[in-house]
Amino acid sequence: MSDAIGALLDYLENLDKGQLHTCSLIREDDADWIEVSFSLEARPGVEYTFRRGITDAAVEPEMGTHLDVSIFLSSIMRRIHTRTQAVDGKISLD
């Protein structure tokens, strides 16, 4: 899970310029979830939220972790640009 956080921090620092607000790591049954909120300089006053499963017991651990982190970050990047409607200053990327 730390790989997912590291990838998101790198993205916020180097690409879309932003700040991580919160990060929660959640274990439910056989899966681990990550829930984050962050802001981007390009959209002041808007907070983005995102929750995604990042591990699955059925996935091979070595390959699964790298693949899950890649999917996690690409999902955020794609949705930032397609979801623009803020509700009470927040945009859910779920």
Within the stretch 36-59, of all residues that are at pLDDT below 90 and over 13 Å from LEU73 (Cβ atoms), the one surrounded by the fewest Cβ atoms within 10 Å (Cβ to Cβ) is ALA58
Contact list, first residue from the stretch 1-30 and over 18 Å from ILE80 (Cα atoms), second anywhere and loosely packed, with under 13 Cβ neighbours inside 10 Å, beta-carbon distance below 6 Å, six or more apart or interchain, is ASP30/ALA57
Flagged in the stretch 1-24 as surrounded by 14 or more Cβ atoms within 10 Å (Cβ to Cβ) and assigned to a strand (DSSP E or B), in numbering order, are GLY18, LEU20, CYS23
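The values are calculated or read from the model by the stated rules, or taken from the named source; none is laboratory data. Not measured: the values here are computed from a predicted model. Heads up, the Cβs are rebuilt from the backbone with ideal geometry, glycines too, and the neighbour counts pull from every protein chain shown.
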